[in-house]
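Remarks on the structure that follows.
The values are calculated or read from the model by the stated rules, or taken from the named source; none is laboratory data. On a predicted model such as this, the values are computed, not experimentally measured, just so you know. Cβ atoms come from the backbone with ideal geometry, glycine included; neighbour counts cover every protein chain shown. Side chains included, ligands, DNA and RNA excluded: accessible areas come from the protein's heavy atoms. Shrake-Rupley method; radii C 1.70, N 1.55, O 1.52, S 1.80 Å.
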There are 2 protein chains.
Amino acid sequence: MIPTHMGQMTRAQYEEARSWAWEFLQKAGVPLHAPDRERIDVAGLGLGEHQQTGLQILTLVADPWVAVKLLILRPNQFVPQHRHPPSPVEDYPGKTEVFRGQYGEAYLFVPGAVGERPRGSPPEHRRRFCTVWHEVPLLPGDQYVCPPNTWHWFQAGGSGAVIWSISSKATDAEDEFADPQVVRMAPISED
Amino acid sequence: MIPTHMGQMTRAQYEEARSWAWEFLQKAGVPLHAPDRERIDVAGLGLGEHQQTGLQILTLVADPWVAVKLLILRPNQFVPQHRHPPSPVEDYPGKTEVFRGQYGEAYLFVPGAVGERPRGSPPEHRRRFCTVWHEVPLLPGDQYVCPPNTWHWFQAGGSGAVIWSISSKATDAEDEFADPQVVRMAPISED
């Protein structure tokens, strides 16, 4: 057996997270078809703590002009600060991303005034990479348009959340993360 | 009192259609907030038959890169054949539009093979302007990505429908309709 890099998810962990996400989605009130389950991806971000830091993503549309995803977050699951930069090769300012709350509670943080009691609590060892603290609640029906190349991070409340991410072209591999430990496209360990 | 052009909707008709759409949306399972009601528009298309030919549109996002709308259709309501052409002034191929069924039944028609028994029945006097007859069902959870500059029309089934329209930048005023009688931005008569 090849030793697992400490940040990698195992195939079993990956499949467990997909199953959890699909079950959770059944409560969220989004009409889906059974084959959509196979389009769920789990982003562990190479950190070895995917239930705490990471997310589940159901990609419904990945088109050169528009992307539609459902982001499925476990209770308190944290997505580290990142931004979607301009393309180095074409005239594209970076992904404009609409977040829209569908189910449960989540909180998005973007540049701007810091409120008195922000409801985000990043894991202690990741907190120093969160530099924007303007809170945008993403409860069902709430939405926010995040401009290109703008730092943001988010976290589910204590019961988990389902959020729409509706955007211009997604270029996930280009995402810039503030935390240098993050690997956006971390491989899965096939043990 | 200024005489009403025969194709114009009256303010009372407009408000009645908005009220109907908002009530219908309550059944559709999309989380919304009360002020969203004010963002509903009614497109009567200048035809004087808005309950039969036209639609209600709740615009949730109108951004230079992404648009999110809910299309709310009365039972059998018909939206005439149109396309979203390239921009005459910038490098934009036209709106890429994702249709996604949310509630009820609707049928989208696009170029392609004609099925045996298409479930669209445009009003008789509009039918000759429907030249594409490849049927795409838009039941809850169904979706279709309509490329830029592609003719399409759609119609609700007998119980009405709510459809997501998620797209690249919307340029509604540029829409091309096959039926020359259609006026995309018809004024309302303030009688």
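What the table below lists for this structure:
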{"quantity": "Selection from segment A:166-182 of residues that are in a strand (DSSP E or B) and surrounded by fewer than 21 Cβ atoms within 10 Å (Cβ to Cβ)", "calculated": "A:Glu176, A:Phe177"}
{"quantity": "Single condition B:Ala34 does not satisfy, out of (1) crowded, with 19+ Cβ neighbours inside 10 Å; (2) modelled with pLDDT of 95 or more", "calculated": "(1)"}
{"quantity": "Residue within segment A:72-88 that is over 30 Å from A:Gln13 (Cβ atoms) and either modelled with pLDDT under 95 or among the polar types (S, T, N, Q) (or both) present", "calculated": "yes"}
{"quantity": "Per-region count, segment A:1-31, residues among the basic types (Lys, Arg) and surrounded by fewer than 18 Cβ atoms within 10 Å (Cβ to Cβ)", "calculated": "2"}
{"quantity": "So A:Ala170, is it under 26 Å from B:Arg100 (Cβ atoms) and of a type in the set (A, V, I, L, M, F, W, C)", "calculated": "yes"}
{"quantity": "Those strands (runs of 3 or more DSSP E) lying entirely in segment A:44-135 with at least 3 residues open to solvent by less than 10 Å² (accessible area, probe 1.4 Å) and within 14 Å of another protein chain (Cβ to nearest Cβ)", "calculated": "A:55-62, A:67-73, A:97-110"}
{"quantity": "Filtered residues of segment A:136-157 (kept if more than 14 Å from chain B (Cβ to nearest Cβ) and either open to solvent by 40 Å² or more (accessible area, probe 1.4 Å) or of a type outside the set (A, V, I, L, M) (or both))", "calculated": "A:Trp151, A:His152, A:Trp153, A:Phe154, A:Gln155, A:Gly157"}
{"quantity": "Enumeration of residues in segment A:6-43 that are free of Cβ contacts under 8 Å to residues at least 24 places away in the same chain and in contact with a Pro (Cβ under 8 Å, 6 or more places away or on another chain)", "calculated": "A:Pro31"}
{"quantity": "Qualifying residue in segment A:18-33 (condition: among the hydrophobic types (A, V, I, L, M, F, W, C), away from every other protein chain (no Cβ under 14 Å) and assigned to a strand (DSSP E or B))", "calculated": "no"}
